[in-house]
Amino acid sequence: MAEQSVNHEFNFWLGEWDLTWGETDHGTNRIERIMDGMVVQENFASEGYLGISVSVFSKEDNRWHQTWVDSSGAYLDFTGEFADGKMILSRNGIVEGKPVKQRMIWYDITPNKFLWNWERSNDEGITWHVVWKINYQRKM
């Protein structure tokens, strides 16, 4: 795949989004390209909580890399790829002092909506548990 088309694999995420999860939780997300279009920047907001991420496609390893920081002081770093209609970024993490694998999956992608999961594996990726599922709806 040509570099230019790979760099645009996150184009489905660009724009302004209304988010819902759980029974009553909601937020917004604004995704845009910055730095001559080479970086995808996320601006997430929910009641009393803010987060930003930057994502780039690396020519060095042909993978996506994302760094997330938020108003709780969290720092997370992910790598992954777009395949079979899904963007999957993952990382090794620590939860309650124990090593885990964590991943984000963007899926069921259409022009105006998609689903996003935050998942965790306690067994080296053999099984995954959905921790957080967000419904994205494009603002019109």
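The values are calculated or read from the model by the stated rules, or taken from the named source; none is laboratory data. Everything numeric here is computed off the predicted structure, so don't read it as measured data. When we count neighbours, we look across all protein chains shown, and the Cβ atoms used for this are built from the backbone with ideal geometry, even at glycine.
Here is a check on your reading of the model: is Phe57 over 18 Å from Phe114 (Cβ atoms) and modelled with pLDDT of 95 or more? Yes; evaluated as a whole, the condition is true for this residue. On the stretch given as the range 95-140, residues that are over 29 Å from Asn11 (Cβ atoms) and in contact with a Lys or Arg (Cβ under 6 Å, 6 or more places away or on another chain) total 2. Can you name the residue in the range 30-65 that is acidic (Asp, Glu) and assigned to a strand (DSSP E or B) and is also farthest from the chain's Cα centre (by Cα) among such residues? Top of the filtered list is Glu32. Considering (1) part of a strand (DSSP E or B); (2) out of contact with any helix residue (DSSP H, G or I) (no Cβ under 7 Å at 6 or more places or on another chain); (3) hydrophobic (A, V, I, L, M, F, W, C); (4) closer than 18 Å to Tyr136 by Cβ, the lone condition that Val69 does not fulfil carries the number (4).
Filtering the range 21-61 to residues that are in contact with a helix residue (DSSP H, G or I) (Cβ under 7 Å, 6 or more places away or on another chain) and among the charged types (D, E, K, R) leaves only Lys59.
Can you find a residue that is more than 22 Å from Asp18 (Cα to Cα) and of a type in the set (Phe, Trp, Tyr) anywhere in the range 28-48? Looking through the range 28-48, none of the residues is more than 22 Å from Asp18 (Cα to Cα) and of a type in the set (Phe, Trp, Tyr).
Which numbered condition trips up Asn7, out of (1) modelled with pLDDT under 95; (2) exposed (fewer than 14 other Cβ atoms within 10 Å of the Cβ)? Unmet condition: (2). Step by step: first the residues of the range 95-140, then only those that are of a type in the set (Gly, Ala, Ser) and either in contact with a strand residue (DSSP E or B) (Cβ under 6 Å, 6 or more places away or on another chain) or over 25 Å from Tyr75 (Cβ atoms) (or both), then the one that is surrounded by the most Cβ atoms within 10 Å (Cβ to Cβ). Which residue is that? Among residues in the range 95-140 that are of a type in the set (Gly, Ala, Ser) and either in contact with a strand residue (DSSP E or B) (Cβ under 6 Å, 6 or more places away or on another chain) or over 25 Å from Tyr75 (Cβ atoms) (or both), the one surrounded by the most Cβ atoms within 10 Å (Cβ to Cβ) is Ser121. Taking the numbered list (1) farther than 15 Å from Met87 by Cβ; (2) touching a residue at least 40 places away in the same chain (Cβ under 8 Å); (3) of a type in the set (D, E, K, R) in turn, Glu32 passes all entries but (2).
Quick one: would you say Asn62 is on the phi > 0 side of the Ramachandran plot and touching a residue at least 12 places away in the same chain (Cβ under 8 Å)? Give the derivation first.
Numbers: on the phi > 0 side of the Ramachandran plot: yes; touching a residue at least 12 places away in the same chain (Cβ under 8 Å): yes.
It is true that Asn62 is on the phi > 0 side of the Ramachandran plot and touching a residue at least 12 places away in the same chain (Cβ under 8 Å).
Note on the range 17-46: residues that are touching an Asp or Glu at 6+ places or on another chain (Cβ under 9 Å) and over 21 Å from Leu76 (Cβ atoms) amount to 1.
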